[in-house]
Protein chains: 2
Amino acid sequence: MRNLFFEEAINQAKIALQEGGIPIGSVLVYKNKILGKGHNKRIQEGSVVLHGEMDAFENAGRQKANIYKESILYTTLSPCPMCTGTIILYGIPKVVIGENKTFLGEEDLLRFKGVEVVVLNDKECITMMKKFINEKPQLWNEDIGI
Amino acid sequence: MRNLFFEEAINQAKIALQEGGIPIGSVLVYKNKILGKGHNKRIQEGSVVLHGEMDAFENAGRQKANIYKESILYTTLSPCPMCTGTIILYGIPKVVIGENKTFLGEEDLLRFKGVEVVVLNDKECITMMKKFINEKPQLWNEDIGI
C-alpha cells in the first residue's frame, strides 16, 4: 500500500519525466524522515551511475552505518544489479518497490542477503514505465545495459 | 602482471590520496583505449556512490551496450557490492583487480555471473591500502558500509 514516502518516490519519477528523463524515482527514509530523494539522471546529466536509487543515496549524503541499517528505500521500479549492490553495500534492511512487471531486478539477491523486499505492483508505476519503454525503447535499453 | 592501464589505475589512486581521499583508482578500457578513468570521491565530493570504479564508469559517459561488452575494468582494489553490481549491469566481461588482501569484495558473484576475474595482488596496492586503513580506519569503514 502507498504511503507518503512512496508517493514522493512517484513524484520524483514524474519530475524525471518532466525533465525529459527516465521516470524512476526513489526515497531513502530513516525513522520516518526523508534522508534523500532522487531520480534517474541519465538524460539530464549524462550520468550512467545516477539511477533513481543511486541519486537518492547520493542526495542523502554521507551517513553513519547505523543510520543506513535502520533505513528504508522506496523506489518505483525493481532495482537493477547496480542499485541492488548499493543497497547491500550500505546494509539497507528493507526495500519497497513500486513494480517489477516491466523490469525484474535482482530481488532474489536482495532476499538472499537478508533484505526485506516488498513489491507493491502499483498501477501508476506500471503504466508510467510501460508508456516510457514503449515510446523510448532505446533509452530504456541503454539504462539497463542492453 | 602490470600493464599501462593498470599503472593508470594506480596513478588514479595516488591522485585520490593527494586530494586527501581514499586511494582507490580505476580505468575502463575498450580495445586498448581508455574510455574513462576515476578515483574514489567520498572525501573530495562527499559522494557515497563515486567509488573508483563508479567514477571511471561515470567519466566514460554514456556508452553503447556492445562497447561495455568488450571492455576491461582495471581497479586497484577488489570491487565492493555496489561496483560489482555496476560491472554486472553493464556486462563488463573482464575485471583486473590490484589486490584483495585488505578487502575481499564480491569476486565470487562476478565469477558466478560469468565475469573473468584476474587478481594481481600487487604489492604497491596492498601497501597503499594497508597504510590508509591503518591511518584512517573510520573513513575506510564508512566507505564499505561498516
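The values are calculated or read from the model by the stated rules, or taken from the named source; none is laboratory data. Just so it is clear, the model here is predicted, and its values are computed rather than measured. Backbone-built Cβ (ideal geometry, glycine too); neighbour counts: all protein chains shown. With ligands, DNA and RNA removed, areas are computed over all heavy atoms of the protein, side chains included. Shrake-Rupley method; radii C 1.70, N 1.55, O 1.52, S 1.80 Å.
Scanning the range A:115-134 for residues that are closer than 19 Å to A:Pro81 by Cα and open to solvent by 60 Å² or more (accessible area, probe 1.4 Å) yields one hit, A:Glu116.
Between B:Ile34, B:Ile15, the distinction of being part of a helix (DSSP H, G or I) and more than 20 Å from A:Gly85 (Cα to Cα) belongs to B:Ile15 only. When the range A:95-114 is filtered for residues that are within 24 Å of B:Met54 (Cβ to Cβ), under 13 Å from the mean Cα position of the chain (by Cα) and surrounded by fewer than 19 Cβ atoms within 10 Å (Cβ to Cβ), the ones remaining, listed by number, are A:Phe103, A:Leu104, A:Glu107.
I need the full set of residues from the range B:68-82 which are under 14 Å from B:Arg111 (Cα atoms) and part of a helix (DSSP H, G or I), in order please. Answer for the range B:68-82, where residues must be under 14 Å from B:Arg111 (Cα atoms) and part of a helix (DSSP H, G or I): just B:Pro81.
On inspection, B:Ile92 fails the criterion of being open to solvent by 10 Å² or more (accessible area, probe 1.4 Å) and β-branched (Val, Ile, Thr). Within the range B:1-26, the set of residues being farther than 17 Å from B:Val95 by Cβ and of a type in the set (Asp, Glu) comprises B:Glu19 only. Counting the residues of the range B:37-62 that are of a type in the set (A, V, I, L, M, F, W, C) and assigned to a loop (DSSP other than H, G, I, E, B) gives 3. Among the residues of the range B:73-89, those that are of a type in the set (Val, Ile, Thr) and either surrounded by fewer than 24 Cβ atoms within 10 Å (Cβ to Cβ) or more than 9 Å from every other protein chain (Cβ to nearest Cβ) (or both) comprise B:Thr75, B:Thr76.
Reported count of residues in the range B:89-130, each being farther than 21 Å from B:Phe5 by Cβ, in a helix (DSSP H, G or I) and touching a helix residue (DSSP H, G or I) at 6+ places or on another chain (Cβ under 9 Å), is 2. Return the total of residues in the range B:91-102 being in contact with a strand residue (DSSP E or B) (Cβ under 8 Å, 6 or more places away or on another chain), over 13 Å from B:Val27 (Cβ atoms) and within 14 Å of chain A (Cβ to nearest Cβ). Result for the range B:91-102: 1.
The residue of the range A:29-72 that is surrounded by the most Cβ atoms within 10 Å (Cβ to Cβ), among those that are charged (D, E, K, R) and within 9 Å of chain B (Cβ to nearest Cβ), is A:Asp55.
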